[in-house]
Each structure stands twice: as structure tokens, then as C-alpha cells.
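Trainee: Starting off with a structure, shown below.
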Amino acid sequence: MQLHICNQLLACVLLYFMPLWHSCISKPPHIVFIVADDYGYNDIGYHGSEILTPNLDKLSAQGVRLENYYVQPICTPTRSQLMSGRYQIHTGLQHSIIWPPQAACLPLEDKTIADALKTAGYATHMIGKWHLGQYKKECFPNHRGFDSFFGFLTGSGDYFKHRHVGCGITMNPACSYWTGWDLRENDKPVHDYDGIYSTHLFTQRAQKIIQEHDKTKPLFMYQSYQAVHGPLQVPDEYLVPYQNVTDRYRRIYSGMVTCMDEGIGNLTQTLHDTGLWDDTIIIFSTDNGGEIYAGGNNWPLRGWKHSLWEGGIHGVGFVSGPPLPDKMKGTSNNGLMHVSDWFPTIVGGLAGASLNGTKLDGVDMWHSISTGAASPRKEILHNIDPLTVTPVPCSTPIVSSDNKTFNTSIRAAIRVGDWKLITGDPGNGTWFPVPNSGNIPRKNTDLPDKRVWLFNIADDPREFNDLSEYHPDIVDQLFNRLQEHYTDSVPVFYPDGDPKADPARHNDTWSDWE
């Protein structure tokens, strides 16, 4: 009898602690996921930047810095993969971004991370930039699993006036002149914040949500800052530390970064003040590399935003907060990780919710992050964009992208282990130093008709040495993997602009129209 009771007790203890072993935390934590827009690899203090980021540096030093972490080269693709855990080739968003007049959004059949967490009992809130489609209300974040949404739907806008000017695409001759208000609370446009700088506004809304949060429920907050995307705008007081920065774009951009860093410090302090901090995990990520001509910088990496070079896709990221095991605080994780991994990492690894039946390309990285174990991810498909096809030498036939036969004219990149293969036109391949830093720019010397590159990123993170001619066997292996992914892809969905999207038809507001 005593042995039976002991066995029952042991079983209860084991069952009790199994979630703890799984996630290294005793209960579902509050999760604050912060995204910075167009934030460069070289624009954070702990990567050697001259820009002041004391709060980000402190948070990352108390957590796990992700130093082999990858995002996408532009906004919509990164955000779509974060929200769905799916590669672009499985959502139809392989090409460009979702422009405001396009009748497109993250496919409605794809469950979002907010959907999954809400089902798991989380209160879910989104603040800031959406950029995943708006042509009908079903695409809005508050219809995609978020209990509340306060922010803007398009990809950019005036930081003070909260207006988006132009759609940025030539599908309609008048499109570049379209302008409209773009700030809303859930389904309704709000006009009470004209003149309030968006970084301050979005931080204040985050603080309000934290202060009013029901502590009996776990919180998931997606804090998607407009900063530090163009246009370059910041209150004058944030320029004071940078008066000696002679490059105007870099000076304003630096002030924008420091203002965002201050906001993150204020948000963190509110978590302390409300008693939520001890149960909170903070995740920080950029959405793509820095925009060189808007003040950002990715030195010493090659390339910049828009490109498949490391400067466009090697992201700044870290995980911090008291629930992290003490032994992991102050460490760096060099395991391969991709933005699509956040869905299973957060939903499965952190929240302990079921992922059964959810189609994912991401993998659960929580065990690696929380214990230092090797990354389970061995491959990243950076993208295959069959609508971006470039001329190739006459000896290489161009095959129609419609028949799912991959060829080197198609813009694509894949990482397998330490090897990275790029095909087609990867974008600007210059190495851009910080202006007036004393470092000398190194220009791309590739021949104009070059369409295949192979790098060992572990040995050559700056992508100086193309090894494609020396390792044709590896080129073939990675090319075959691209073909397999291409065969498995869905068609690109990139519709023409719809004149019904014109804000003039919607009370001077970017909105839904179907």
C-alpha cells in the first residue's frame, strides 16, 4: 500500500513538473514581442554602434542574444512569417510587399500566432504597424486573433500626422498621389492623436494595456513600432546627442533609434511597476536590414534592406526576462534561427499550447534558447521569387516560372548548415560603412551576368569569397533543395491595384473596400 501511494505521489510530481522541463518555466509567461522596422545590424550598441541604445543593451545583456538569427529582406514577408510560422512560398507572398491598393492579405485560412495564443487563454493585443493587408475587415489584426488593435494598416506614414502618402506602386497612374489618414483603434479610424509622435504614442498605448491587464490571464502584446522606418522624423530633443554626426540622414535616424530605445525602457518599467515583470518574456526583433539611404547601417555585413545578402536578412534579435533560466542570462545563442520559428517557439515552447494540426515551416527553438542546446533548425529558405527573373547568359535557358522548374534566373536564396546559395539578382551587394567612420566602402565587383553565388557563412559572414566554382557539388545539392521547395510552393498572389482603395472614397482614410 505504501509503495502504491509513493508511486502515485511520484507520478503526480512528474506530471506537475513535465511542463517545467518542457519550457523551463513553471507557468505560461506574459510575452511582449517588440519589432523595430528597418533596424540595421550595426545600429545597436552591443554590435558596436555609436547610437545610444542603453535599454536594448541592458535587456539583451540580461537575456540571450540571437546571433545567427534571420528575417526577410522587406516588411510584409517578415511579418507574414512571424504571424503564420509559414514560409512565403506557402502563403503566396513571395514577391515584394502588400501595397495599400492591393486586394491581398495574409491568407485568412492561415491561423495567426494571436489566434493560437488566444485559444490557449492569452489576452492578445497589437500596437503599431500591421502591413499584412487591409482590403476587407477580415484582414485587420483585430479579426486575426488580437483582442485589440491600435495602430496603422499600411507600411509607413508621417510620424506626427499619421497619414500615408501614395501607394508606392505604378499600377495606377494616380496612385502615387493618393494620400489618407492611417491610424485606427480596431475597425474605426481615430483622429485624436494628430501631432503626437508615433513612437511616443505606441509606447503610451502599450503602457496603458499593461496597466489595465487582468493579472489572472497571461498577456501577449505585439508591439510593432513604426520606428525606425522612413520618413526620417524625430522630436528635436533626441538629436542633441548627435550634433556632431555630419550625415543628416544618420543623425536623424540615430535620434529615432534612441527615442525607440527610451520607449522600450518605459514599457519595461511599466511591467515592473505593475508587478508583471517577474513573469514576462520580452522578445526583440528587427523586420529586415537597415535602409542605407534612410540612415540605417548593417556594417560589416554585405548589402542592405531589399537584398538577399546578409545585410538584408541577418537580423538583430534577443530574448530577455526573469523566466529565463539564470544560467542562460548574459549568453549568446549562435544556433540557426528564422523568424518563422517564433510561432512554434512561443505557442508550443513558451505557452505550452498544442501545435497539432497547424501547418508550420518554423521549428520550436525554446529548448535551444533556454538551455543552450544545439538548434534543431538546419536549413532556412530565404525565399524563391519567380516574379523577379533576370537575364542570364545565352548558354543558360530561361524556363517559364509557371511550370515549377527552377533555374538560376529566379531570385532565390537558401541556407543549409553553414552554406548559403544565392541565385538570380540578390540586390545591392555593396558593403556600406557608417558615414565618416573611417571605414572604406567595398563595392560589388561581380560580373553583370553573374547569377550564382555560394558562401560558407560561418567562415565568411561578410560574403567576400564566392565559392561556387570550387564546390559545384554543394551548389548542386542546394540547387536541388531550391527545386524541391519550388515544386512545393503555391502561386504568387500579387494582384493589380484596385481604384476602390483610394482614400478619397473612404473619408480621406486608408481602409477596407470589400
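Values in this text are rule-based calculations from the coordinates and carry no lab data. These numbers come from a predicted model, not from an experiment. Positions of Cβ are generated from backbone atoms using ideal geometry, with glycine treated the same way; all protein chains shown enter the neighbour counts.
Trainee: In cubic angstrom, how much convex hull volume per residue do the alpha carbon atoms of the range 262-337 span?
Mentor: 119 Å³
Trainee: How far is the Cα center of the range 315-376 from the Cα center of the range 229-302, in Å?
Mentor: Answer, in whole Å: 24.
Trainee: Counting pairs of alpha carbon atoms under 8 Å apart in space and at least six apart in sequence, what relative contact order in percent does the chain give? Write down the numbers at each step before the final one.
Mentor: Numbers: 1181 pairs, mean separation 119.2, N = 514.
23 percent.
Trainee: Let me ask you something else. Please give the contour-minus-distance gain from Glu379 to Asp192: 0.36 nm per residue of separation, less the Cα-Cα distance, rounded to one decimal in nm.
Mentor: That works out to 62.6 nm of additional length.
Trainee: OK, next. With r defined as the distance between the Cβ atoms of Asp247 and Thr430 and R0 fixed at 22 Å, what FRET efficiency is calculated, to the nearest 0.05?
Mentor: Taking R0 as 22 Å, the efficiency between Asp247 and Thr430 is 0.85.
Trainee: Here's a follow-up. With equal scatterers on the alpha carbons only and no solvent term, can you work out the Debye log10 of I(q)/I(0) for the range 122-254 at 0.15 1/Å?
Mentor: Treating every Cα as an identical point scatterer, log10 I(q)/I(0) equals -0.80.
Trainee: Okay, next question. Using the Karplus equation 6.51 cos²θ - 1.76 cosθ + 1.60 (θ = phi - 60°), what ³J(HN,Hα) coupling, rounded to whole Hz, does each residue of the range 363-370 give in order, writing x for Gly and Pro?
Mentor: Result, rounded to whole Hz: 10, 6, 9, 5, 4, 5, 5, 8.
Trainee: Can you give the FRET efficiency for Asp460 and Lys118, using 1/(1 + (r/R0)^6), R0 = 56 Å, r = Cβ-Cβ distance, to the nearest 0.05?
Mentor: It comes to 0.80.
Trainee: If you take the alpha carbon radius of gyration of the range 79-160 and divide it by 2.2 N^0.38 Å, what ratio comes out, to two decimals?
Mentor: My calculation over the Cα atoms of the range 79-160 gives 1.07.
Trainee: Work out how much length Lys329 to Lys500 would gain on full extension: take 0.36 nm times their residue separation and subtract the Cα-Cα distance, in nm to one decimal.
Mentor: 56.4 nm
Trainee: So for each of 479-486, 253-260 I average, over its residues, the number of other beta carbons within 10 Å; can you give me the resulting order with the highest mean first?
Mentor: The densest-packed peptide leads the list: 253-260, 479-486.
Trainee: Count charges around Met126 for me, please; just the other residues with Cβ under 13 Å from its Cβ, Lys/Arg as +1, Asp/Glu as -1. Provide the component values of the computation, followed by the final result.
Mentor: On the way: positive: Arg79, Lys118, Lys129, Arg144, Arg184, Arg205; negative: Asp115, Asp147, Glu185.
Surrounding charge for Met126 is +3.
Trainee: A follow-up question, please. For Tyr253, what charge total do you get from the other residues with a beta carbon under 13 Å from its beta carbon, if Lys and Arg give +1 and Asp and Glu give -1?
Mentor: On the way: positive: Arg248, Arg250, Arg251, Lys305; negative: Asp37, Asp38, Asp43, Glu50, Asp247, Asp261, Glu291.
Net of charged neighbours comes to -3.
Trainee: So, how do all the Cα-to-Cα distances of the range 36-136 break down into 10 Å bins, in percent, from 0 on up?
Mentor: Result, from short to long distances: 13, 35, 33, 19, 1 percent.
Trainee: Val240 to Phe160: FRET efficiency via 1/(1 + (r/R0)^6), r the Cβ-Cβ distance, R0 25 Å, to the nearest 0.05?
Mentor: 0.85
Trainee: In sequence order, what are the phi-derived ³J(HN,Hα) couplings for the range 139-151 according to the Karplus relation 6.51 cos²θ - 1.76 cosθ + 1.60 with θ = phi - 60°, rounded to whole Hz, with x for glycine and proline?
Mentor: With coefficients 6.51, -1.76 and 1.60, one gets 7, 5, x, 6, 10, 10, x, 8, 5, 8, 9, 9, x Hz.
Trainee: Place a +1 charge on the Cβ of each Lys and Arg in the chain and a -1 charge on the Cβ of each Asp and Glu, then give the dipole magnitude about the Cα centre in debye, rounded to the nearest 20.
Mentor: 400 debye
Trainee: Here's another thing I want to ask about it. Among DSSP beta bridges whose residues both lie in the chain, state the antiparallel percentage, nearest 5.
Mentor: 55 percent
Trainee: Pop out the Kirkwood hydrodynamic radius of the chain from its pairwise C-alpha distances, inverse of mean 1/r, in Å to one decimal.
Mentor: Values: mean 1/r = 0.0423 Å⁻¹.
Computed over the chain, the radius equals 23.6 Å.
Trainee: Moving to a separate point now. Please list the radius of gyration and Dmax for the range 379-487, considering alpha-carbon atoms only, with Å as the unit.
Mentor: Rg then Dmax for the range 379-487, in Å: 14.8, 49.
Trainee: Rounded to whole Hz and in sequence order, give me ³J(HN,Hα) for the range 278-289 from the Karplus expression 6.51 cos²θ - 1.76 cosθ + 1.60, θ = phi - 60°, writing x for Gly and Pro.
Mentor: 4, 10, 10, 9, 10, 10, 10, 8, 7, 9, 5, x
Trainee: Could you give P(r) for the range 300-390, binned at 5 Å from zero, as whole percent values over all Cα-Cα pairs?
Mentor: Each 5 Å bin holds this share of Cα pairs: 3, 11, 19, 21, 18, 14, 9, 4, 2, 1, 0.
Trainee: Along the charge dipole of the chain, which of Trp342, Leu454, Pro495 sits closest to the positive end, that is, farthest toward it, with unit charges on the beta carbon of Lys, Arg, Asp and Glu (+1, +1, -1, -1)?
Mentor: The listed residue farthest towards the positive side: Trp342.
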